[in-house]
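Heads up, the thing below is written out as structure tokens.
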Amino acid sequence: MRHLALAPLLSLSLALGASMTAHAQTVPTAVASDATLLNVSAQAEARRVPDVATLSAGVVTQAVDGNSAMRENAVQMDKVMAAIKAAGIAERDIQTSGINLNPQYRYAENEAPKITGYQASNTVSLKVRDITKLGKVLDSLAAQGANQINGPSFEIDQPEPVYDEARLAALKKAQARAETYAKALGLRVRRIVSISEGGQGGFRPAPMMMMRSAKAEMDTAVSPGETTLSVNLDVVFELGR
């Protein structure tokens, strides 16, 4: 078996760029005795406008005793949950993420901390499947007593077709690079020996949120931006005459 470390032209430690590299590698598989193996690493991306948003919303209340704090929290949280359901968010997209009750302390020099009251919190995670309604959902939560809102984060509800697009693009890049090496060696690409897929990645630009106006008829402005999904492939080619 011949290896690609044949000439300076094919010194495969050559930097091929951040998105694609190539190097020779012997793979434990049945290959012809005159074969040359080439391992090409390729990365490709596919972009989509996200169609799902996730966020958390909750209520924080304080009272002089824990029971009162929890009771007040429950009353306010009932209104928030009603607003969530009125916005058309399905039960499967609502999940309690945390219920907490903590004492509040007063600290003074040379004195032991003293409990001055209690803080209760109840937080739920939401998935909004119609991003066009996200601004109204946020405003409705705040109007009904949610005083703790975090997010949103955006994602693609069905990412596999998008990943498939990136996979095909990465494979096409790898094949083109293999053809370049084969031509330089006076060889041809016989077949693909193996394909392995590395970790998938996704870049989600930070959403931009701001209040357009204090007027009730204006919704909170939300910009979902664009989500980029990436795939990394390691493809082993068999070269020969």
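Each value in this text was obtained by applying a stated rule to the coordinates, not by laboratory testing. Quick caveat, the model's predicted, so the values are computed rather than measured. Positions of Cβ are generated from backbone atoms using ideal geometry, with glycine treated the same way; all protein chains shown enter the neighbour counts.
Some notes on this structure:
- Label-point gap, in nm, between GLU72 and ARG129 - each point 7 angstrom along Cα→Cβ: 3.7
- One chain, two ends: GLU226 and ALA143. Fully extended at 0.36 nm per residue, the span grows by 27.0 nm beyond their Cα-Cα distance.
- Backbone N atoms of the range 117-133 closer than 16 Å to the 7 Å Cα→Cβ label point of GLU160 are not found in any residue.
- In terms of its C-alpha gyration tensor, the range 35-159 has an oblate overall shape, because the principal axis ratio a/c (a ≥ b ≥ c, square roots of the eigenvalues) is not below 1.5 and a/b does not outweigh b/c.
- When +1 charges are put on Lys and Arg Cβ atoms and -1 charges on Asp and Glu Cβ atoms, the dipole computed for the range 72-201 relative to its Cα centre reaches about 900 debye.
- Listed peptides 86-99, 165-178 appear in the order 165-178, 86-99 once ranked by packing, highest mean of other Cβ atoms within 10 Å at the front.
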